[in-house]
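The values are calculated or read from the model by the stated rules, or taken from the named source; none is laboratory data. Everything quoted here is computed from the prediction, not taken from an experiment. Every residue, glycine among them, receives a Cβ derived from its backbone with ideal geometry; neighbour counts consider all protein chains shown.
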Amino acid sequence: MPGTLIRQAGDGGYEAAEPGITIRDLGVTDATGGDYTLLLVRIEPEGARVEELHRHDEGFSLAYVLSGWLKVEFAEIGVQTLPVGTVIPAFNGPTHRELDAGDGLELLLLVTANDMIGNDNEKIVLRFEDETPYQDDVATGFRCRDFDLAELTGGRLTARALRPIPGVEADHQWHQHDYDAQFLYVAEGWFDVEYADSGIVRLEPGAMVLQRPGVPHIVRGHSDDLLLIEMTLPATFETEIVAAPAEHADSIAG
């Protein structure tokens, strides 16, 4: 998977999937050989009122409520109302039915082609924002809300939300990672990153990056109201500080 894949907010629109449901494909399926699909899903009330319990045949899915709310019944855990910031890891297509939605519901949805662990039959887990508070990481300059998925997925996936620590400016350096893939999605604010293979990019709400292993990059700046959703496979990976690539050594974010 050579090269960094960048999808800006204007790259591709929403398409109707079924009545009351529109989807924006972030272009990850082809780029990962079908291993992962990353979607933005908008659901109107008419699309969230389903009479019968059903399930989707999929390996693993991770949904994050970006806006609005969803009321859904799961066969395993009953009726739940999912507000903004709710994280929904689901194994092997749990049986459920949508009951209602409102306030412009939109989900960020990652779906894997294969089972995450293999022995979890229709398991559903919810992570509410008030149950997993942000923790400061002064070295990076960000507050981190860990979605607590590493143990749940047997070390195959980690995901977290990142916000800047007010008044803290970290000394960012060129670095690269050793992982299978990392997805970054900008939910609020803006984020400037420089990649050795793509130069400086400004990512605004609705933008997504599929970061490749071994590609040097550096954080160049961000807004104070940034909200960044980060998903990494596998959950544990190595970070190596590297020298700035010669052609990028004197670059400055615009």
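Test Gly47 against the criterion of being part of a loop (DSSP other than H, G, I, E, B) and of a type outside the set (Val, Ile, Thr), and give yes or no. Spelling it out, it is not the case that Gly47 is part of a loop (DSSP other than H, G, I, E, B) and of a type outside the set (Val, Ile, Thr). Can you tell me how many residues in the range 51-80 are in contact (Cβ under 8 Å) with a residue 60 or more places away in the chain, assigned to a loop (DSSP other than H, G, I, E, B) and under 26 Å from Gly206 (Cβ atoms)? Number satisfying all stated conditions: 0. Name the residues in the range 18-38 that are of a type in the set (Ser, Thr, Tyr) and without any contact (Cβ under 8 Å) to a residue 24 or more places away in the chain, would you? Those that are of a type in the set (Ser, Thr, Tyr) and without any contact (Cβ under 8 Å) to a residue 24 or more places away in the chain: Thr22, Thr29. Residues considered: Asp178, Asp192, Asp197. Of these, the only one that is in contact with a Lys or Arg (Cβ under 6 Å, 6 or more places away or on another chain) and either under 14 Å from Phe142 (Cβ atoms) or touching a residue at least 60 places away in the same chain (Cβ under 8 Å) (or both) is Asp192. Filter the range 5-35 for residues that are touching a Leu at 6+ places or on another chain (Cβ under 7 Å) and under 23 Å from Ala196 (Cβ atoms) and give the result. Selection gives Leu5, Arg7, Leu26, Gly27, Val28, Ala31. When Thr112 is tested against (1) outside the structural domain of Gly27 (by TED's automatic domain parsing); (2) crowded, with 19+ Cβ neighbours inside 10 Å; (3) of a type in the set (Val, Ile, Thr), exactly one condition is not met: (1).
Residues checked against (1) among the charged types (D, E, K, R); (2) crowded, with 18+ Cβ neighbours inside 10 Å; (3) not assigned by TED's automatic domain parsing to the domain that holds Ile88:
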| position | (1), (2), (3) |
| --- | --- |
| Asp136 | yes, no, yes |
| Leu157 | no, yes, yes |
| Ala170 | no, no, yes |
| Tyr179 | no, yes, yes |
| Asp192 | yes, no, yes |
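From the list Glu204, Glu230, the lone residue that is under 29 Å from Asp148 (Cβ atoms), in contact with a Lys or Arg (Cβ under 6 Å, 6 or more places away or on another chain) and surrounded by fewer than 19 Cβ atoms within 10 Å (Cβ to Cβ) is Glu230.
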